[in-house]
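One structure is given here, and the rest of the page talks about it.
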Amino acid sequence: MTEAAHQISANPLPPGECRPGTVGIGTGTQIRVVDATGGEVPFGTTGEVVIMGPGVMPGYLRNPEANAEGFFGSWFRTGDLGVMEDGYLRLRGRLKEMILRGGENVSPYEIEAVLLGFPGVVDAVCFGVPDRKYGELVAAAVSVDVPLDQGELIRHCRERLAAYKVPSAIRTVDVIPRTATGKLQRSRMASLLAEDRAVGSL
(Lines give C-alpha, C1' and ligand atoms only; values in the text may rest on other atoms or scores of the structure.)
Protein backbone atom coordinates (compact mmCIF):
# COMPACT_ATOMS: atom_id res chain seq x y z
CA MET A 1 0.00 0.00 0.00
CA THR A 2 1.12 3.56 -0.66
CA GLU A 3 0.23 4.41 2.93
CA ALA A 4 2.54 1.68 4.22
CA ALA A 5 5.68 2.18 2.13
CA HIS A 6 4.43 -0.57 -0.17
CA GLN A 7 5.25 -3.84 1.64
CA ILE A 8 3.29 -4.97 4.68
CA SER A 9 3.85 -8.71 4.83
CA ALA A 10 5.53 -11.57 3.02
CA ASN A 11 6.07 -15.28 3.32
CA PRO A 12 9.51 -15.90 4.82
CA LEU A 13 12.37 -17.50 2.91
CA PRO A 14 13.79 -20.85 4.12
CA PRO A 15 14.33 -21.93 6.79
CA GLY A 16 11.14 -19.98 7.61
CA GLU A 17 7.80 -21.55 6.78
CA CYS A 18 6.03 -20.48 3.61
CA ARG A 19 2.27 -20.97 3.77
CA PRO A 20 0.65 -21.01 0.32
CA GLY A 21 -2.60 -19.06 0.14
CA THR A 22 -1.46 -16.53 2.74
CA VAL A 23 0.39 -13.23 2.35
CA GLY A 24 2.74 -14.29 5.11
CA ILE A 25 3.79 -12.48 8.27
CA GLY A 26 4.41 -8.80 8.97
CA THR A 27 7.67 -7.39 7.59
CA GLY A 28 8.42 -4.79 10.23
CA THR A 29 4.70 -4.00 10.43
CA GLN A 30 2.25 -5.02 13.15
CA ILE A 31 -0.91 -6.60 11.77
CA ARG A 32 -4.24 -7.15 13.50
CA VAL A 33 -7.69 -8.25 12.35
CA VAL A 34 -10.51 -6.27 13.96
CA ASP A 35 -14.28 -5.89 14.03
CA ALA A 36 -16.32 -2.83 13.01
CA THR A 37 -15.45 -1.02 16.25
CA GLY A 38 -11.71 -1.69 16.07
CA GLY A 39 -11.74 -4.50 18.61
CA GLU A 40 -9.48 -7.45 17.83
CA VAL A 41 -11.35 -10.56 16.71
CA PRO A 42 -10.39 -14.11 17.75
CA PHE A 43 -7.79 -15.89 15.63
CA GLY A 44 -9.46 -17.66 12.73
CA THR A 45 -12.25 -15.04 12.51
CA THR A 46 -12.59 -12.79 9.47
CA GLY A 47 -12.41 -9.04 10.04
CA GLU A 48 -10.77 -5.89 8.71
CA VAL A 49 -6.98 -5.83 8.48
CA VAL A 50 -5.35 -2.93 10.35
CA ILE A 51 -1.63 -2.15 10.50
CA MET A 52 0.85 -0.08 12.47
CA GLY A 53 4.60 0.43 12.22
CA PRO A 54 7.43 2.78 11.26
CA GLY A 55 6.61 2.42 7.55
CA VAL A 56 2.94 3.31 7.98
CA MET A 57 1.99 6.95 7.47
CA PRO A 58 0.75 8.77 10.59
CA GLY A 59 -2.19 10.42 8.80
CA TYR A 60 -3.50 12.33 5.79
CA LEU A 61 -2.34 15.95 5.56
CA ARG A 62 -5.06 18.49 6.39
CA ASN A 63 -7.84 15.92 5.96
CA PRO A 64 -9.47 15.20 9.32
CA GLU A 65 -12.41 13.39 7.72
CA ALA A 66 -10.12 10.88 5.99
CA ASN A 67 -8.15 10.40 9.21
CA ALA A 68 -11.31 9.76 11.19
CA GLU A 69 -12.40 7.13 8.67
CA GLY A 70 -8.95 5.69 8.02
CA PHE A 71 -7.73 4.94 11.54
CA PHE A 72 -8.72 3.09 14.69
CA GLY A 73 -6.53 5.04 17.09
CA SER A 74 -2.97 4.53 15.81
CA TRP A 75 -3.97 1.57 13.61
CA PHE A 76 -4.42 2.26 9.90
CA ARG A 77 -7.44 0.63 8.30
CA THR A 78 -6.42 -1.11 5.06
CA GLY A 79 -9.96 -1.82 3.84
CA ASP A 80 -8.99 -5.46 3.33
CA LEU A 81 -10.78 -8.39 4.93
CA GLY A 82 -8.57 -11.11 6.34
CA VAL A 83 -8.04 -13.76 8.96
CA MET A 84 -4.96 -14.43 11.09
CA GLU A 85 -3.73 -18.02 11.28
CA ASP A 86 -0.84 -18.50 13.69
CA GLY A 87 0.64 -15.13 12.74
CA TYR A 88 0.06 -15.59 9.00
CA LEU A 89 -2.44 -13.35 7.23
CA ARG A 90 -4.92 -14.79 4.76
CA LEU A 91 -6.85 -12.18 2.75
CA ARG A 92 -10.58 -12.61 2.16
CA GLY A 93 -11.38 -9.65 -0.08
CA ARG A 94 -12.14 -5.95 0.12
CA LEU A 95 -14.51 -4.48 2.68
CA LYS A 96 -16.07 -2.15 0.09
CA GLU A 97 -16.89 -5.09 -2.18
CA MET A 98 -19.04 -6.88 0.36
CA ILE A 99 -22.72 -7.14 -0.58
CA LEU A 100 -25.16 -6.21 2.20
CA ARG A 101 -28.35 -8.20 1.65
CA GLY A 102 -31.00 -7.78 4.32
CA GLY A 103 -28.38 -7.14 7.01
CA GLU A 104 -26.22 -10.10 5.96
CA ASN A 105 -22.71 -9.56 4.61
CA VAL A 106 -22.11 -11.58 1.46
CA SER A 107 -18.62 -12.08 0.06
CA PRO A 108 -18.58 -11.99 -3.76
CA TYR A 109 -15.45 -14.13 -3.76
CA GLU A 110 -17.23 -17.11 -2.22
CA ILE A 111 -19.98 -16.96 -4.84
CA GLU A 112 -17.53 -16.54 -7.71
CA ALA A 113 -15.67 -19.66 -6.57
CA VAL A 114 -18.92 -21.63 -6.69
CA LEU A 115 -19.83 -20.29 -10.14
CA LEU A 116 -16.36 -21.16 -11.47
CA GLY A 117 -16.88 -24.72 -10.26
CA PHE A 118 -19.73 -25.24 -12.74
CA PRO A 119 -18.77 -26.98 -16.01
CA GLY A 120 -18.36 -24.54 -18.88
CA VAL A 121 -18.01 -21.37 -16.78
CA VAL A 122 -14.65 -19.80 -17.60
CA ASP A 123 -15.01 -16.48 -15.76
CA ALA A 124 -17.40 -15.06 -13.19
CA VAL A 125 -18.09 -11.85 -11.31
CA CYS A 126 -20.50 -11.24 -8.44
CA PHE A 127 -21.83 -7.88 -7.28
CA GLY A 128 -24.69 -6.17 -5.47
CA VAL A 129 -27.63 -4.44 -7.13
CA PRO A 130 -30.00 -2.03 -5.32
CA ASP A 131 -33.24 -3.41 -3.91
CA ARG A 132 -36.01 -1.61 -1.99
CA LYS A 133 -36.69 -4.50 0.40
CA TYR A 134 -33.24 -5.95 1.09
CA GLY A 135 -30.99 -2.97 0.39
CA GLU A 136 -28.99 -5.04 -2.07
CA LEU A 137 -29.50 -8.28 -3.94
CA VAL A 138 -26.79 -10.65 -5.13
CA ALA A 139 -26.30 -10.72 -8.90
CA ALA A 140 -23.65 -12.28 -11.09
CA ALA A 141 -22.37 -12.50 -14.63
CA VAL A 142 -20.51 -15.39 -16.22
CA SER A 143 -18.72 -16.08 -19.46
CA VAL A 144 -18.86 -19.63 -20.80
CA ASP A 145 -17.31 -21.82 -23.46
CA VAL A 146 -20.34 -24.12 -23.89
CA PRO A 147 -24.11 -23.44 -23.93
CA LEU A 148 -25.29 -22.70 -20.38
CA ASP A 149 -28.32 -24.19 -18.61
CA GLN A 150 -29.35 -21.36 -16.25
CA GLY A 151 -31.55 -23.65 -14.16
CA GLU A 152 -28.70 -26.09 -13.57
CA LEU A 153 -26.34 -23.27 -12.63
CA ILE A 154 -28.83 -21.90 -10.07
CA ARG A 155 -29.30 -25.40 -8.62
CA HIS A 156 -25.53 -25.75 -8.44
CA CYS A 157 -25.39 -22.55 -6.36
CA ARG A 158 -28.29 -23.56 -4.10
CA GLU A 159 -26.57 -26.83 -3.25
CA ARG A 160 -23.39 -25.04 -2.16
CA LEU A 161 -24.49 -21.68 -0.74
CA ALA A 162 -26.82 -20.39 1.94
CA ALA A 163 -30.13 -19.22 0.42
CA TYR A 164 -29.36 -15.51 0.90
CA LYS A 165 -26.09 -15.90 -1.01
CA VAL A 166 -27.60 -17.48 -4.14
CA PRO A 167 -27.63 -14.95 -7.01
CA SER A 168 -31.06 -13.56 -7.81
CA ALA A 169 -29.94 -13.11 -11.40
CA ILE A 170 -27.09 -14.55 -13.44
CA ARG A 171 -26.31 -13.00 -16.81
CA THR A 172 -24.20 -14.62 -19.53
CA VAL A 173 -21.80 -12.19 -21.22
CA ASP A 174 -19.07 -12.54 -23.82
CA VAL A 175 -16.34 -10.94 -21.71
CA ILE A 176 -16.21 -9.86 -18.08
CA PRO A 177 -14.47 -6.48 -17.76
CA ARG A 178 -11.19 -6.34 -15.90
CA THR A 179 -8.64 -3.63 -15.22
CA ALA A 180 -5.17 -3.59 -16.78
CA THR A 181 -3.92 -5.46 -13.72
CA GLY A 182 -6.60 -8.16 -14.01
CA LYS A 183 -8.96 -6.98 -11.26
CA LEU A 184 -12.66 -7.60 -11.76
CA GLN A 185 -14.65 -4.44 -12.45
CA ARG A 186 -17.69 -5.21 -10.30
CA SER A 187 -19.19 -1.73 -10.28
CA ARG A 188 -18.85 -1.41 -14.06
CA MET A 189 -20.58 -4.74 -14.61
CA ALA A 190 -23.42 -3.77 -12.27
CA SER A 191 -23.87 -0.51 -14.20
CA LEU A 192 -23.83 -2.27 -17.56
CA LEU A 193 -26.52 -4.72 -16.50
CA ALA A 194 -28.64 -1.95 -15.01
CA GLU A 195 -28.39 0.04 -18.25
CA ASP A 196 -29.73 -2.79 -20.40
CA ARG A 197 -32.42 -3.57 -17.77
CA ALA A 198 -30.96 -7.04 -17.19
CA VAL A 199 -31.78 -6.81 -13.49
CA GLY A 200 -35.14 -5.08 -13.90
CA SER A 201 -37.04 -8.15 -12.72
CA LEU A 202 -35.04 -8.70 -9.54
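Of note:
- When we screen Thr46, Thr22, Thr37, Thr27 for residues that are over 21 Å from Arg94 (Cβ atoms), β-branched (Val, Ile, Thr) and outside the structural domain of Val106 (by TED's automatic domain parsing), the only hit is Thr27.
- Filtering segment 120-135 to residues that are free of Cβ contacts under 8 Å to residues at least 40 places away in the same chain and under 19 Å from Leu153 (Cβ atoms) leaves Gly120, Val121, Val122.
- Scanning segment 110-128 for residues that are surrounded by fewer than 18 Cβ atoms within 10 Å (Cβ to Cβ) and outside any helix (DSSP H, G or I), we see that the one that is nearest to the chain's Cα centre (by Cα) is Asp123.
- Residues (in contact with an Asp or Glu (Cβ under 6 Å, 6 or more places away or on another chain) and either free of Cβ contacts under 8 Å to residues at least 24 places away in the same chain or in a helix (DSSP H, G or I) (or both)) located in segment 136-173: Tyr164
- Looking only at segment 62-88, residues that are surrounded by 11 or more Cβ atoms within 10 Å (Cβ to Cβ) and either basic (Lys, Arg) or assigned by TED's automatic domain parsing to the domain that holds Tyr109 (or both) come to 1 in all.
- Taken over segment 61-80, the criterion of being assigned to a strand (DSSP E or B) and in contact with a Phe, Trp or Tyr (Cβ under 7 Å, 6 or more places away or on another chain) is satisfied by Arg77 alone.
- Pro58 vs. criteria in a loop (DSSP other than H, G, I, E, B) and surrounded by fewer than 20 Cβ atoms within 10 Å (Cβ to Cβ): yes
- Scan of segment 79-97 for residues that are modelled with pLDDT of 90 or more and either at negative phi or aliphatic (A, V, I, L, M) (or both), ordered by number: Asp80, Leu81, Gly82, Val83, Met84, Glu85, Tyr88, Leu89, Arg90, Leu91
- The residues of segment 1-27 that are without any contact (Cβ under 8 Å) to a residue 40 or more places away in the chain, surrounded by 12 or more Cβ atoms within 10 Å (Cβ to Cβ) and hydrophobic (A, V, I, L, M, F, W, C), listed by number, are Ala10, Cys18.
- Unmet requirement for Leu91, which otherwise passes all of (1) in a strand (DSSP E or B); (2) outside the structural domain of Gly24 (by TED's automatic domain parsing); (3) under 14 Å from the mean Cα position of the chain (by Cα): (2)
- Test: residue in segment 23-45 that is in a strand (DSSP E or B) and within 30 Å of Val142 (Cβ to Cβ): no
- Candidates are the residues of segment 33-70 that are charged (D, E, K, R) and over 18 Å from the mean Cα position of the chain (by Cα); the one that is nearest to Pro12 (Cα to Cα) is Glu40.
- Of the residues making up segment 89-109, those that are touching a strand residue (DSSP E or B) at 6+ places or on another chain (Cβ under 7 Å), surrounded by fewer than 15 Cβ atoms within 10 Å (Cβ to Cβ) and either within 25 Å of Gly26 (Cα to Cα) or free of Cβ contacts under 8 Å to residues at least 40 places away in the same chain (or both) are Lys96, Leu100.
The values are calculated or read from the model by the stated rules, or taken from the named source; none is laboratory data. What you see is a predicted model; the values in this text were computed from it and never measured. Virtual Cβ from ideal backbone geometry, glycine too; neighbours counted across all protein chains shown.
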